[in-house]
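Readers should treat all values here as calculations from the given coordinates under stated rules, not as data from a laboratory. Keep in mind that what you see is a predicted model, and the values were worked out from it rather than measured. Here the Cβ is made from the backbone with ideal geometry for all residues, glycine too, and neighbour counts use every protein chain on show.
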Amino acid sequence: MIKPWRRTNSSYLVRDPYLTLRADACELPSGKVLDPYYVIESNDWVHTFALGTDGRVLTVTQYRYAAEAVCVELPGGIVDDGEAPLSAAQRELQEETGFRAARWTEIGWTYANPARQTNRVYMYLAEQLDAGGPQALDASEEIEHAFLEPEQIKALIRQGTFAQSMHVATFFLCLDYLASRENS
């Protein structure tokens, strides 16, 4: 039976609004000690699969500095301290695209990277979109949005343009949910 590790010590190396990094000393069930074992603490994230009445999916395109790439993704972002994931998904959809949705379904969640990160990614299906309005972007954001056919998104995944792994997971889990809903 797999047993958890035991944290014997912990110290923060970086603690600011953008990154929290700690170094832990961990004792494994075998008695081996890993010191340091680095952990990134992060707020949870949200992704929204916003579905238009015509079956197209609302996407966002933005520059991702660390990857040095322009990426196509689903709308999403960070859950602020004290904010519920659904509220964050609704806020991020409106901020990034100007759209709101009347119907929301939580599809589930995944870990971003449970080996090193503490956060989850909550996935939502948004339906019954309004006509859209102005974006409310942060100073560091330049985001374009577009509605794409699911097959177009699959092609972008194969091309490496829609390449953020957690967005890919959200995309396919939402497609699976929609297919199961149609079949029931």
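For Rg/Rh (Cα atoms, Kirkwood Rh), the value calculated from this model appears in [x] 1.01; [y] 1.20; [z] 1.03 under label [z].
Normalised by the number of residues in the stretch 45-183, the mean separation of alpha-carbon contacts (under 8 Å, six or more apart) gives a relative contact order of 32 percent.
Per-residue ellipticity at 222 nm from helix content only, as computed over the chain with -39500 (n - 2.57) for each DSSP H run of at least four residues, stands at -7500 deg cm²/dmol. Per residue of the stretch 174-184, what does 6.51 cos²θ - 1.76 cosθ + 1.60 with θ = phi - 60° give for ³J(HN,Hα)? Whole Hz please, x for Gly and Pro, Karplus curve as stated. Computed from phi, the couplings for the stretch 174-184 are 5, 4, 4, 4, 4, 5, 5, 5, 5, 7, 9 Hz. Net charge of the neighbourhood of residue 9, taken over other residues with C-beta under 14 Å away and scored Lys/Arg +1, Asp/Glu -1, is 0. In terms of the mean number of neighbouring beta-carbon atoms within 10 Å, the peptides 127-134, 104-111 order highest first as 104-111, 127-134. When peptides 24-33, 1-10, 165-174 are ranked by their average number of other Cβ atoms within 10 Å per residue, the highest-first order is 165-174, 24-33, 1-10.
Neighbour counts of C-beta atoms inside 10 Å place 59, 53 in the sequence 53, 59, starting with the fewest.
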